[in-house]
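Visitor: Got a structure here, written out as structure tokens. Questions coming.
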Amino acid sequence: MRLLVTGGAGFIGSAVVRQAIERRFAVVNLDALTYAACPGNVALVADSPLYCFEKADIRNRAALDRVFEDHQPDVVMHLAAESHVDRSIDGPGAFIETNVCGTFNMLEAALSYWSDRGKPKDFRFHHISTDEVYGSLGLSGRFDEARSYAPTNPYSASKAAADHLVRAWSETYGLPVLISNCTNNFGPYQFPEKLIPMTILNGLAGDPIPVYGTGENVRDWLYVEDHVSALMMVLERGTPGRSYSIGGENEISNIGMVRKICGILDDKRPASAPHNRLITYVDDRPGHDFRYATDPSRIRDELAWRPLVDLEEGLERTIQWYLDNEVWWRELKERDCAHYQRETTW
Ligand code: NAD
Ligand code: TDX
């Protein structure tokens, strides 16, 4: 099975690449290597004869046609995206270009490739999306596949637009697509602009740990390897045209999460305890969604997916990974990562 992965040098995409190679897929990793990419994320598999890298931008249709032609993939998993909400508030243009226009290019390239080959029935275009497309929840309720879309920030609006395009290419042209909408991921190799790695690295450095607003906003967290096992199940056994909600059922407020991380850091670095003295409340994110939570009943009932790593175990593994992999994040610290307004030093 030849799998084309886009965004495979990023956080979740690289976990897909590593797991797919372990399962003996031949993998083509297409990535533009933006500020968020790290080729080291796939170092463990880079020498495998099953692995191949293509530096290409999904905004460039001709480049996509060439990659499809050269590698003849059986299935596609599309993860390449601009992924940070704070950056989308500051500079929405890149989110529209990559997440919307780039997805349009991917669909057109895939449709043309699939049609030219006689529309093989096992071909799949799996679009990896987010629960943020559904907008914000109050204190109760959970998102599922029947929920109406109501995105509230440029990132989530761009992902919602991409989801609509993917569904339209299925309904109109018959392209065998799958869509999955997942909650917040965490784990090794996550770029430190996101809450969990930011808290770990600032905690280790003794720098302020920024908590937006009151810290009462709630997220539902899933360990990245469990997300990837769900993605592989959707790819292999999901029904074309359907979408799948993926969630960890690990709801926690941001301040609760930050305190948990500080507690683990206290155990691992007792000389710097208590780390929660570093917690600093800062201005809220504009349009900050209050709560996300996802009901994963469909993927659980139809595909028998279950997460294997609970929140405590996942946090322990993640924090230990950042402690053991300083070379990885030091290189990112020194990199010029195109700055944005809400940026905090990490
Ligand atoms: P990431 O920012 O870590 O990685 C994104 C990757 O895409 C990078 O390697 C980058 O170089 C590449 N990329 C960006 N623009 C590109 C372009 N124009 N052409 C080619 N490659 C490009 O993101 P992530 O957190 O790994 O998220 C991956 C996907 O999963 C995204 O589609 C995101 O919307 C979705 N998702 C993320 C989460 C989460 O919690 N991180 C949750 C649900 C869904
Ligand atoms: O320094 C911070 N302080 C803080 O309080 C940061 C970076 C974030 N936050 C808050 C904002 C959110 O409520 O923590 C929460 C998590 O923030 P992020 O890590 O930026 O994630 P979020 O905005 O929830 O979006 C993530 O999950 C859905 C990913 O970045 C998206 O790509 C994914 O689709």
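The values are calculated or read from the model by the stated rules, or taken from the named source; none is laboratory data. Because the structure is a prediction, the values reported are computed rather than measured. Please note: Cβ atoms are built from the backbone with ideal geometry, for glycine as well, and neighbour counts cover all protein chains shown.
Visitor: Hey, can you tell me all the residues within the range 293-308 that are closer than 18 Å to residue 179 by Cα and either away from ligand 1 (no atom under 16 Å from the Cβ) or hydroxyl-bearing (Ser, Thr, Tyr) (or both)?
Guide: Result: 294, 297, 298, 300, 301, 302, 303, 304.
Visitor: Same structure, new question: Consider residue 64 carefully, then state whether it is within 14 Å of ligand 1 (Cβ to nearest atom), within 20 Å of residue 99 (Cβ to Cβ) and part of a loop (DSSP other than H, G, I, E, B).
Guide: no
Visitor: If we keep just the residues of the range 45-60 that are surrounded by fewer than 16 Cβ atoms within 10 Å (Cβ to Cβ) and over 16 Å from residue 8 (Cβ atoms), which is farthest from ligand 1 (Cβ to nearest atom)?
Guide: 49
Visitor: For the structure I just gave you, tell me whether residue 17 is closer than 20 Å to residue 111 by Cα and either near ligand 1 (Cβ under 9 Å from one of its atoms) or at pLDDT 95 or above (or both).
Guide: No: the conditions fail for residue 17.
Visitor: Can you say whether residue 273 is in contact with an Asp or Glu (Cβ under 6 Å, 6 or more places away or on another chain) and loosely packed, with under 15 Cβ neighbours inside 10 Å, as far as the supplied structure shows?
Guide: Criteria met by residue 273.
Visitor: Now a separate question. All but one of (1) over 22 Å from residue 116 (Cβ atoms); (2) of a type in the set (Phe, Trp, Tyr); (3) more than 9 Å from ligand 1 (Cβ to nearest atom) hold for residue 35, so report the exception by its number.
Guide: (3)
Visitor: Look at the range 1-32 and say how many of its residues are in a strand (DSSP E or B), under 16 Å from the mean Cα position of the chain (by Cα) and either among the small types (Gly, Ala, Ser) or over 16 Å from residue 69 (Cα atoms) (or both).
Guide: The total comes to 1.
Visitor: A further question follows. Residue 196 - would you say it is touching a strand residue (DSSP E or B) at 6+ places or on another chain (Cβ under 9 Å) and within 16 Å of ligand 1 (Cβ to nearest atom)?
Guide: yes
Visitor: On to the next question. Hey, does the range 330-343 have a residue that's in a helix (DSSP H, G or I), farther than 25 Å from residue 213 by Cβ and either touching a Pro at 6+ places or on another chain (Cβ under 6 Å) or of a type in the set (S, T, N, Q) (or both)?
Guide: Looking through the range 330-343, none of the residues is in a helix (DSSP H, G or I), farther than 25 Å from residue 213 by Cβ and either touching a Pro at 6+ places or on another chain (Cβ under 6 Å) or of a type in the set (S, T, N, Q) (or both).
Visitor: Before we move on, is residue 97 without any contact (Cβ under 8 Å) to a residue 40 or more places away in the chain and in a strand (DSSP E or B)?
Guide: Considered against the rule, which asks whether it is without any contact (Cβ under 8 Å) to a residue 40 or more places away in the chain and in a strand (DSSP E or B), residue 97 comes out as no.
Visitor: Looking only at the range 230-266, which residues are of a type in the set (Gly, Ala, Ser) and crowded, with 17+ Cβ neighbours inside 10 Å?
Guide: Within the range 230-266, 230, 238, 243, 245, 247, 248 qualify.
Visitor: Being closer than 24 Å to residue 66 by Cβ and in contact (Cβ under 8 Å) with a residue 60 or more places away in the chain is the filter here; which residues of the range 103-140 pass it?
Guide: Once the filter is applied, which keeps residues that are closer than 24 Å to residue 66 by Cβ and in contact (Cβ under 8 Å) with a residue 60 or more places away in the chain, the range 103-140 yields 103, 104, 106, 107, 110, 111, 114, 124, 126, 128.
Visitor: Among the numbered conditions (1) touching a Leu at 6+ places or on another chain (Cβ under 9 Å); (2) surrounded by fewer than 21 Cβ atoms within 10 Å (Cβ to Cβ), tell me where residue 7 comes up short.
Guide: So the condition that residue 7 fails would be (2).
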